[in-house]
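Take a look at the structure below.
The values are calculated or read from the model by the stated rules, or taken from the named source; none is laboratory data. None of the values given here were measured: they were computed from a predicted structure. Reconstructed Cβ throughout: ideal geometry from the backbone, glycine too, with neighbour counts over all protein chains shown.
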Amino acid sequence: MSVTPHDESFMAAAIRLSRRHLGRTATNPSVGCLIVKDGVIVGQAVTALGGRPHAEPQALAEAGEAARGATAYVTLEPCSHHGKTPPCAEALIASGVARVVISVTDPDPRVSGRGISMLRDAGIEVDAGVLEAEGRRSLAGYLTRQTKSRPYVTLKLAVSADGMIGRAGEGQVAITGPEARAEVQALRAETDAILVGIGTAISDDPLLTVRTPGLEAQSPIRIVLDPSLALPLTSKLVATARDVPVILVASEQVWPLSADAEGLPPSVLADYRGRATGLDPSFEPPTKGEVGKGRDPNSLAPVSNKSTSGNVAQGASPQPISPLVGEMPGRAEGGTAPADATDLDSRRAALEAAGVEIVYCNPYHPEILLPALATRGISSLLVEGGAKTARLFLEAGLVDRIQLYQAPVTIGADGIESPFDATDIPSGFAHMGTRIFGADRLDEYERES
Ligand SMILES: NC(=O)c1ccc[n+]([C@@H]2O[C@H](COP(=O)([O-])OP(=O)(O)OC[C@H]3O[C@@H](n4cnc5c(N)ncnc54)[C@H](OP(=O)(O)O)[C@@H]3O)[C@@H](O)[C@H]2O)c1
């Protein structure tokens, strides 16, 4: 049977459904599933909060006997392996569905192609690749972590009519209006982690949480690139670190053991890269609570086993992440290390006492930081500036999507210039669309693969 416009409509509905739990299914993808019999939806589900149960068994349970002879629409290839749940492909076979329509095949080597083969071997008709581009977009975090061993990175910037992102020495300057800000809150809610540079953390004193009523528990982990532990102890980030996790990415120069360190453990980098690929079938990624989201996805209670300061890849003993081959730890670009070690120790102690996690990984090397975040289960990262941090990620080629808000306000001569505007979007990005929020305009760009 060939793919029909009806198939595309039902798949579009399954993709919309899948987006409901984005950012809330730990390391599992948020998948949508519809069971359709004679043109009527008899069962539907999205991957449960925390990642289990998967969408298929829930949708089949809702459909009951009506699933016999029906068509299942699934946004991601059904799993074929025995993990913490039995294979979804087996559940589909047992239910008696006649046809399965899939948007995206799973790159997980434990599943890839095998889910489809199991279904076909059982005599079920399978069509894959339906609305694949849209399906891929909805699964972008999961797919990027699986195939690139790093989170999917969105860079969001708000630019004034005169091309500025802020005003020097003036803290937060309102550039966009309330409608755009509400949209950014929704984006934060579906993202695992949010990152800013220390310049922004100091000048804006932001909270970086989700404050939309009903979504407060979905605040992302907050990460600050802070080479020399300059984040003020009086900042809102520090004050709220026990409620929503804060991770400071500090230079190896301020690592407490750096004075004793004769080089670095050579295994550190290899270890997390190997684990991050997901190629090791024994590797069970941590749940979102374990990665430091700070809240059990199913409850408002803080997670008790919050990780302690240390290697961002391993979340354990305080060791820096290995530098790239050929580079020495503690490069000058790693920030201004405070001269006074006692002061540094007391700052570190005060930050940790406030619940802040400190990891030691050259903040100027996102190509090292991102795989380390992926091993902690972070599949999506929102980079919210400032200008230098945006440039750092763009120059490293580690931005997958740009969200550029353009507002009618003017900042003037003392403004901080945006690294780009709509007239000079970095090369390699395709314009995906424009949306209007009040007086502001949002243009979205995706990296061309
Ligand atoms: N409109 C938007 O979308 C948006 C979003 C976020 C931020 N912003 C604005 O962007 C501005 C900040 O951008 P930015 O490019 O200056 O910084 P940033 O990218 O947030 O942070 C990185 C830079 O902060 C500087 N910095 C300032 N104080 C520091 C300290 N005590 N220790 C270490 N580094 C320090 C460092 O610059 P040096 O290496 O030169 O010292 C560092 O490279 C703020 O005005 C903020 O309001 C706008």
**Complete:** By residue number, the members of segment 148-169 that are within 7 Å of the ligand (Cβ to nearest atom) and in a loop (DSSP other than H, G, I, E, B) are ALA168
**Asked** Name the pairs: first residue in segment 232-249 and in contact (Cβ under 8 Å) with a residue 24 or more places away in the chain and farther than 11 Å from ILE221 by Cα, second residue part of a loop (DSSP other than H, G, I, E, B) and among the polar types (S, T, N, Q), Cβ to Cβ under 8 Å, at least 6 apart or on different chains?
**Response** THR240/THR209
**Complete:** Across segment 165-185, the tally of residues that are aliphatic (A, V, I, L, M) and modelled with pLDDT of 95 or more stands at 5
**Message:** Exactly one of these conditions fails for VAL238: (1) part of a helix (DSSP H, G or I); (2) more than 14 Å from the ligand (Cβ to nearest atom); (3) farther than 18 Å from PRO363 by Cβ. Give me its number.
**Reply:** (3)
**Message:** So in segment 130-147, with the set limited to residues that are β-branched (Val, Ile, Thr) and closer than 25 Å to ILE221 by Cα, which one is farthest from the ligand (Cβ to nearest atom)?
**Reply:** THR147
**Asked** Can we say VAL101 is assigned by TED's automatic domain parsing to the domain that holds ASP38 and at pLDDT 95 or above?
**Response** yes
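Here is a list: TYR364, TYR360. Which entry is buried (at least 22 other Cβ atoms within 10 Å of the Cβ) and of a type in the set (Phe, Trp, Tyr)?
Unique residue meeting the criteria: TYR360.
Would you confirm whether any residue within segment 126-135 is part of a helix (DSSP H, G or I), surrounded by fewer than 24 Cβ atoms within 10 Å (Cβ to Cβ), touching a residue at least 60 places away in the same chain (Cβ under 8 Å) and under 24 Å from the mean Cα position of the chain (by Cα)? It would help to see each step written out before you state the result.
First, pick out the residues of segment 126-135 that are part of a helix (DSSP H, G or I): 132-135.
This time we only want the ones that are surrounded by fewer than 24 Cβ atoms within 10 Å (Cβ to Cβ), so: 132-134.
Okay, now just the ones that are also touching a residue at least 60 places away in the same chain (Cβ under 8 Å), so 134.
After this cut, where a residue has to be under 24 Å from the mean Cα position of the chain (by Cα) as well, the list is 134.
Within segment 126-135, one or more residues are part of a helix (DSSP H, G or I), surrounded by fewer than 24 Cβ atoms within 10 Å (Cβ to Cβ), touching a residue at least 60 places away in the same chain (Cβ under 8 Å) and under 24 Å from the mean Cα position of the chain (by Cα).
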**Request:** Inspect segment 123-131 for any residue being aliphatic (A, V, I, L, M), in contact with a helix residue (DSSP H, G or I) (Cβ under 7 Å, 6 or more places away or on another chain), modelled with pLDDT of 95 or more and outside the structural domain of GLU65 (by TED's automatic domain parsing) and give the result as yes or no.
**Result:** no
**Request:** Hand me the list of strands (runs of 3 or more DSSP E) wholly inside segment 343-449 holding 3 or more residues that are within 13 Å of the ligand (Cβ to nearest atom), touching a Ser or Thr at 6+ places or on another chain (Cβ under 8 Å) and not assigned by TED's automatic domain parsing to the domain that holds ASN28.
**Result:** 401-406
**Prompt:** Which ones in segment 76-117 are in contact (Cβ under 8 Å) with a residue 12 or more places away in the chain, aliphatic (A, V, I, L, M) and closer than 17 Å to ALA45 by Cβ?
**Reply:** LEU76, ALA89, ALA91, LEU92, VAL97, VAL100, VAL101, ILE102
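Taking strands (runs of 3 or more DSSP E) that fall entirely within segment 1-110, which contain at least 3 residues that are of a type in the set (Ser, Thr, Tyr) and surrounded by 19 or more Cβ atoms within 10 Å (Cβ to Cβ)?
Details: elements: 32-37, 40-46, 71-76, 99-104.
Of the strands (runs of 3 or more DSSP E) lying wholly inside segment 1-110, those with at least 3 residues that are of a type in the set (Ser, Thr, Tyr) and surrounded by 19 or more Cβ atoms within 10 Å (Cβ to Cβ) span 71-76.
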**Asked** Restricting attention to segment 181-195, which residues are buried (at least 23 other Cβ atoms within 10 Å of the Cβ) and of a type in the set (A, V, I, L, M)?
**Response** ALA193, ILE194, LEU195
**Prompt:** GLU179: within 15 Å of the ligand (Cβ to nearest atom) and of a type in the set (Asp, Glu), yes or no?
**Reply:** no
**Asked** Got a number for residues in segment 140-165 being of a type in the set (A, V, I, L, M), in contact with a Ser or Thr (Cβ under 7 Å, 6 or more places away or on another chain) and buried (at least 21 other Cβ atoms within 10 Å of the Cβ)?
**Response** 5
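Take the residues in segment 183-229 that are in a loop (DSSP other than H, G, I, E, B) and farther than 27 Å from ILE436 by Cβ; name whichever of them is farthest from the ligand (Cβ to nearest atom). Steps first, answer last, please.
At the first step, the residues of segment 183-229 found to be in a loop (DSSP other than H, G, I, E, B) are 190-192, 205-215, 219-220, 226-229.
Filter again for farther than 27 Å from ILE436 by Cβ, leaving 192, 205, 226-229.
Numbers: ASP192: 19, ASP205: 10, ASP226: 7, PRO227: 6, SER228: 6, LEU229: 9 Å.
Checked segment 183-229; the qualifying residue farthest from the ligand (Cβ to nearest atom) is ASP192.
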